[in-house]
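No lab work stands behind these numbers, since they all come straight from the coordinates. This is a predicted model, so every value here is computed, not measured. No Cβ is skipped: glycine too gets one built from the backbone with ideal geometry, and neighbour counts run over all protein chains shown.
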Amino acid sequence: MSALTSELITPELIALHQLSEPEYAKILKILGREPSYPELGIFSVMWSEHCSYKSSRLHLKKLPTTGARVVQGPGENAGIIDIGGGYAIAFKIESHNHPSFIEPFQGAATGVGGILRDIFTMGARPIAVLDSLRFGPGSDPQCGARNRRILEGVVSGISHYGNCFGVPTVGGETIFEPCYNGNPLVNVFALGVFKKDEIFYAKASGIGNPVIYVGAKTGRDGIHGASMASAEFTEESKQKRPNVQMGDPFLEKLLLEACLEAMHTGAVLGIQDMGAAGLTCSTCEMGSRGGLGIEIELDQVPQRETGMTPYEIMLSESQERMLLVAEKGREEEVFRVFHKWGLDAAAIGTVTGDGLLRVRHHGDIVVEIPNRELADEAPLYDRPRTEPPRLAPMEAPEFASADLNADLLTILSSGDVCSKRWIWEQYDYMVRTNTIAGPGGDAAIVRIKETGTSVAISLDGGGRYCALSPRAGARLAVAECCRNLSTVGALPVAATNNLNFGNPERPEIMAQLVEAIEGIAEACEFFDTPITGGNVSLYNETLGEGIFPTPVMGIVGLLETRAPLTMNFKAAGRVIILLGGLGSCNEARFGGTQYAKAVLDTLWGLPPALDMEYELRVHKAMREIVPLAESAHDLSDGGLAVAIAESSFGGVGVGAAIELNSLMRPEHLLFHEGPSRILVSTSDPEGVERIARTHSVEALRIGVTVDSAIRVSNNGVELLDLDIASAERAWQGGLGFPASWPVQNAHPWNNSRLFENSSAL
Amino acid sequence: MKFGVIVFPGSNCDHDAWYAASHNFGQEARFIWHDEHALGDVDVVILPGGFSYGDYLRCGAIARFSPVMAAVRKFAADGGLVAGICNGFQILVESGLLPGALMRNAGLKFVCAPVRIAAATTNSPFTNACEAGRPLTIPVAHGEGCYYADERTLDELEAEDRIAFRYIDNPNGSLRDIAGILNAGRNVMGMMPHPERATEPLVGSTGGRVIFESLIGALTLAR
Amino acid sequence: MKARVYVSLKSTVLDAQGKTIRSALSGLGYRSVADVRQGKYFEISIEPGVSPEQARREVDTLAQDVLTNPVIETCRVEFDD
């Protein structure tokens, strides 16, 4: 029986599904008839920007995706690289921007859940999560209160999901700009580890093999979430709250353990998580990758609600579900594992040879679409583009600092630069006892217990620099990630990216996107960090207000497992060397700095200039210097002054006395953000200089570490003189949330009485 | 020594406890699934951290009904050593094997941080190698770790020297800075901080080593 | 038949969440709020065919023994017929 033509498809219905006329014509051609209502829904989600990358695919092809270590590039659930010793890592970054605006807690939580499933669906156990977060400022006169609520909600959502699941959240970045007032960015990176010969792919195989559904039951959650994520926000979309999915990290933890155990039985042949577009996406993509068909009966799908229609079941985005193909006759082995973990598992269909996604409901055929055309032949657009718009003037304003000490304190307490401890203390960053360097450093490091190798990870996004030049900003983001990794001694090896942009149907936005992709391509090619996967999030606009073009890079590096080199000065009397030298700056190149933002409250000009050849030499030199260094910290936001200050906040009261000889104006000298520079303290300055020389890199002795003060002078003129404690107070309190601990107990049995005799205090 | 680490659905520090015992102290360690009715041949049982049953209802409230808990009770009643860490501590108080309750942190936020604690007694198999009052840096990672008991119970715990550890930096508002307690038989101990995370310098601190050393020492002596 | 179980912290136990909500409310200008206690609410549907007596007995027991932690919480049970 077929029920394929029972619905009347009107132009309004087509428009409601955000399918254009040519797109609908293409559907008619593929099917050779009018689609049924569920088929219309299926095309709509699969051909949405979110699932099909129809505006960006053409340009994403420019990214380098191959390399000696790359086992799996883009196109799978996550990229995979070989880390040696028979092991591999899978990693990817993904956005959950729109859901996090509508419901910050659940939006962020399910964002974490989704990317974790992408990792363990391949057979890898997740061992690290990092987040790149962008919000409107808490001090915004109109939106401040809402921005703070969104920040609090997002952080609790990530904390709730990651902590309960048992994956450490080891780092990330948090940035504030008014352009994110109505459109926060929540980009979550996850990384997992597995044996190289135990990788699973999302590919159907073997005609007649059973298709098995595991995990949570299907409800009406998130229906059309995937197309929501591809449309601009309007006042109306605030009413879309029921669309947001609810996450259950406990169920996901069980799903992780059950999936890994089921994979070990050998009965599982292919597996894919049900993320955006749920059952639709997982069935047609697995079928398409295998060049096969998949037939399912919706009556067999475990359902949480009664009376669900085929449309709702196929498009539901209920979380914590997976689809797998097992070897015929070994279904019971799979079921046994899932039942042990208390999870639903049901055979819902079979693999067929006809290449079709065929869906039955009560025995009637309600969907019959060729998998390949649906999954891989989505419309592809070469959207018109002009030049990236100038979002700020080129001319620098007149300014002169009244008090450099005050300027430094202003920058240290500003949202982008200040300590994010209030955020990361809510994340369990140590569970699984692999975290060698956690949040707050230049790069996070997790060890791989099985191999003696560690993985370092750095996330860095454009934004301000990209607003001034998407191409240059993207290159700087890649360079900064690689510099962060080199600063902790890791060799950058591969990358993932999350491209957050506005409406691609606007030619100037499309230009930003293309420029940024090309910038990433140039830099990733140059630094030999192929892109193994990623995510594109477009239509990041609210009420016509676009965000800054914001490409976020996640780059991973490898190093031998050993005690980490951290950023903090360890002891007084060490020589401080500025590897890479003082750099250069001019009025135009100062306009994207934190000084321009926090002190002058403006934006102009161009991002800092990047010489990639020199940058790479600095990285190579730094990795060799690591064994000779006591501390190392890369110069980025806030330049030299902030790097010196942050290096002084190690809790041991060691700061710096710096004497410079430069002709730069003091604001530039202290705060310019020219790349290719790393602050190193060492007791072997000659050794550091020797290594720098072999790489033709400047290693400038600029001062020594001293007790309790941060002092900088230039040509004998004092520029900065602060005590560490007051600088650190400004930096710690910048986020504006009160510390939640330690708690002063009212009970007479208090700390001082108990420990007054303790000599070790 | 043979360590048995109980695995509840949702436990996520089970592997860390197992790794610390087996790799950092060279002891035999194995996992015990919550559905099992017998513990087998073990010298010490660890109830690990995590979110058993998602911590739905209350932290540890559902795990206490797991089949293995009957065996743990019997093991404890026979004098066997039981240590509950974090969620394991919550399960022990929910089970009534330890008095009191663990409530939402006073700051209302999950807190993950190395904190200083100190042994308040050395008279237990879990603290015999400690020096009373000497600070140990051990991480906490919990949202509901605020120890609560009525005044009478607190006085009793103090009078019977059953407070195993106190916080120097109280992260959660626990009454009388209590970080860990003992049962009357001194063979069951629960604590919110994670000693298993502080057993090798590479991942941060070694403040937890002395707790494992105490246990191993006590068991060696008992043989 | 339905049972409703309300679980709240004992009045002697500090309710940090309730306290925070109360101060937020007064900050928002709700002057009539003197205090807030936060609790949990369970809605339990009874199998048809179970006698009301048996249902009451079972729900009373499970409310006390499972849904409530007597160290810090109290509960109240209501039935709908």
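Taking the Cβ of A:Ala443 as the centre, find all other residues whose Cβ is under 13 Å away and add up their charges (Lys, Arg: +1; Asp, Glu: -1).
Taking every other residue near A:Ala443 into account, the sum is -3.
Cα centroids of region B:119-151 and region A:312-366: how far apart, whole angstrom?
Spelled out, the Cα-based centre of one part sits 49 Å from the other.
Between A:Ser662 and B:His37, how many nm apart are label points set 7 Å from Cα along the C-beta direction?
Taking the two extended label points, one gets 7.5 nm.
For a quick protection proxy, order the peptides A:406-419, A:18-31 by their average other-Cβ count within 10 Å, most packed first. Don't skip to the end; give the middle numbers.
Working: A:406-419: 21.7, A:18-31: 15.4.
Descending mean neighbour count gives A:406-419, A:18-31.
Give me the dipole magnitude in Debye, nearest 20, for region B:85-223 about the Cα centre, with unit charges on the beta carbon: positive for Lys and Arg, negative for Asp and Glu.
Details: 12 positive and 15 negative charges, 65 e Å.
The dipole of region B:85-223 has a size of about 320 debye.
Using the Kirkwood formula over every pair of different C-alpha atoms, what hydrodynamic radius in Å results for chain A? Working shown, then result.
Values: mean 1/r = 0.0372 Å⁻¹.
That comes to 26.9 Å for chain A.
Calculate for chain C the 222 nm mean residue ellipticity that helices alone would give, adding -39,500 (n - 2.57) per DSSP H run of length 4 or more and normalising by residue count, nearest 500 deg cm²/dmol.
That comes out to -8500 deg cm²/dmol.
What does the average come to when, for each residue of peptide A:246-258, you count the partner chain Cβ atoms lying within 10 Å of its Cβ?
3
Can you sort A:Thr350, A:Thr10 so the residue with the fewest Cβ neighbours within 10 Å comes first?
So the ranking, lowest neighbour count to highest, is A:Thr10, A:Thr350.
Rank by packing, highest mean first: peptides B:83-94, A:434-445, B:176-187, with packing defined as the count of other Cβ atoms within 10 Å averaged across residues.
Values: B:83-94: 28.3, A:434-445: 24.9, B:176-187: 22.5.
Averaged packing, sorted descending, gives the order B:83-94, A:434-445, B:176-187.
Answer with one residue from B:Phe89, A:Leu380, A:Gly655: the one whose Cα lies farthest towards the positive end of the charge dipole of the protein assembly as shown, charges on Cβ with Lys, Arg +1 and Asp, Glu -1.
Toward the positive end, the furthest listed residue is B:Phe89.
So if I take the centroid of the Cα atoms in region A:259-296 and the same for region A:39-69, what is the distance between those two points in Å?
Centre-to-centre distance over Cα atoms comes out at 19 Å.
Where does each of A:270-279, A:547-556 land if you order them by average Cβ count within 10 Å, highest first?
On the way: A:270-279: 25.7, A:547-556: 29.4.
Result, highest mean first: A:547-556, A:270-279.
Per-residue Cβ counts within 10 Å, from other chains only, averaged over B:53-60: what number is that?
Shielding by partners across B:53-60 averages 4.
In peptide B:8-15, what is the residue-averaged number of other protein chain Cβ atoms found within 10 Å of each Cβ?
Partner Cβ neighbours, averaged per residue: 6.
Would you please give the FRET efficiency between B:Phe25 and B:Glu160, computed as 1/(1 + (r/R0)^6) with r the Cβ-Cβ distance and R0 = 30 Å, to the nearest 0.05?
On the way: r = 29 Å, r/R0 = 0.98.
The pair B:Phe25/B:Glu160 has a calculated efficiency of 0.55.
Go ahead and estimate [θ] at 222 nm for chain B from helices alone: -39,500 (n - 2.57) per DSSP H run with n ≥ 4, summed, over the residue count, rounded to 500.
-6500 deg cm²/dmol
Taking a ≥ b ≥ c as the square roots of the Cα gyration tensor eigenvalues, with a/c under 1.5 meaning rounded and otherwise prolate when a/b beats b/c, else oblate, which class fits chain B?
rounded
Counting other Cβ atoms within 10 Å, keep those with at most 15, restrict to DSSP loop, and tell me which chymotrypsin sites (Phe, Trp or Tyr not before Pro) in region A:338-434 are left.
Loop-located and lightly packed - A:Phe399.
Once every DSSP H run of n ≥ 4 in chain A is given -39500 (n - 2.57) and the sum is divided by its residues, what mean residue ellipticity at 222 nm do you get, rounded to the nearest 500 deg cm²/dmol?
Mean residue ellipticity, 222 nm, calculated: -9500 deg cm²/dmol.
With +1 on the Cβ of every Lys and Arg and -1 on the Cβ of every Asp and Glu, and nothing else charged, how large is the dipole of region A:307-400 about its Cα centre, in debye rounded to the nearest 20?
Dipole of region A:307-400, to the nearest 20 debye: 260 debye.
Region A:615-671 to region B:60-96: how many Å between their Cα centroids?
So the two Cα centres are separated by 51 Å.
Is there a quick way to get the dipole size of chain C? I mean about its Cα centre, with the Cβ of Lys and Arg at +1 and of Asp and Glu at -1; what is the value in debye to the nearest 20?
Here chain C has a charge dipole of around 560 debye.
With the dipole of region C:2-80 worked out from charges on the C-beta (+1 for Lys and Arg, -1 for Asp and Glu) around the Cα centre, which of C:Leu25, C:Leu9, C:Val71 lies farthest toward the positive end?
Farthest towards the positive end: C:Leu25.
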